[in-house]
Amino acid sequence: MRYLRNFGIFAAAWIVAMLIFTIAYGVKDKSLYMLYFSVPALFLGVIGAAATAGEHVFRPNRKLNWLWIVGMLAADQAIKIYLFGLEWQTLRIPLIDPVFYISPSHNTAGSYLWVLLGLDNVPKWPHVIFVAILAFILFEYWRFYTEKRPLSFWGKGFVHLFLVGAFANAIDNIFHGGSLDYITIRPFYTFDLKDLFITMAELFALVEVINQKLYKNSHDIQGFDFKFIRNDVKSWFVKTK
């Protein structure tokens, strides 16, 4: 039942998001509905069910697994480096016509967040600093959270996936002048592997909230503040006996 439940959570989250996008974009072409609702929902549902097996395979701890982080980051960057070596501006390969295509575009806004906010000229370094601060705060909150709650596969998976997405975003903006997105879901947007990792991080966090019933019992993980961050950072430099 846990496999089926997590399949449903991952798939349902996509369907809800696409329903919001459909209304916001005012999509009238109903022939597109079935494809962009169902195909990614099934894909994410299978990921959710497969990830559930990870609960029985991986033993979580508070240390980051840098091999996983570097491996996922390398996969994201390798695809982009390969595409930059092609005539990517004219590349358009249908995956499932008329909705899914490999159709690269260079997002120089720095982040889809800025696009949604209408800020398409955010300077590179302020954006990189913002992402770094956000990643650091979320990492520290994860360490705070794991002092209050049992370690879990989903909680640790969240922090790994989010950090990969943050690192990839910073590298894209520093070395590529923005993200080279390449998978298009018509008529909405184009994304890359980094965006998939961040989406999965959000879904891992959702499963963690449901598993731990945080929607009912959130009072015991309150109290995250600068004092905790300061003491935690200090602990990094204290040698354990």
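Derivation of every value follows stated rules applied to the coordinates shown; laboratory data play no part. Computed from a prediction, not measured in an experiment: that's the story for all the values here. Using ideal geometry, Cβ is built from the backbone for each residue, glycine included, and neighbour counts are taken over all protein chains shown.
Structure summary
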quantity	calculated
Computed helical MRE - 222 nm, the chain, DSSP H runs ≥ 4 contributing -39500 (n - 2.57), nearest 500	-21500 deg cm²/dmol
Gaussian network model of the chain, Cα within-10 Å springs - most flexible of 57, 209, 159	57
Candidates 164, 16, 46: whichever shows maximal mean-square fluctuation once the chain is modelled as a Gaussian network with Cα springs under 10 Å	16
Across 194/216; 63/148; 30/194; 148/234; 124/194, pairs whose alpha-carbon gap is larger than 24 Å	194/216; 30/194
Rg over Rh [alpha-carbon atoms, Kirkwood Rh] for the range 1-57	1.11
GNM result for the chain, Cα springs below 10 Å: residue of 101, 182, 25 fluctuating most strongly	25
Cα centroid of the range 32-63 to Cα centroid of the range 147-220, whole Å	13 Å
³J(HN,Hα) computed for each position of the range 196-209 - Karplus, 6.51 cos²θ - 1.76 cosθ + 1.60, integer Hz, glycine/proline x	5, 4, 5, 4, 5, 4, 4, 6, 4, 5, 4, 5, 4, 4
Amide proton proximity set for residue 58, modelled H, under 5 Å, gap of 5+	none
Shape category assigned to the range 151-216 from the gyration tensor of Cα positions, a/c cut at 1.5	oblate
Cα-only Debye scattering, the chain: base-10 log of I(q)/I(0) at q = 0.15 Å⁻¹	-1.23
Simple Cβ-charge dipole of the chain, Lys/Arg +1 and Asp/Glu -1, about Cα centre, in debye nearest 20	980 debye
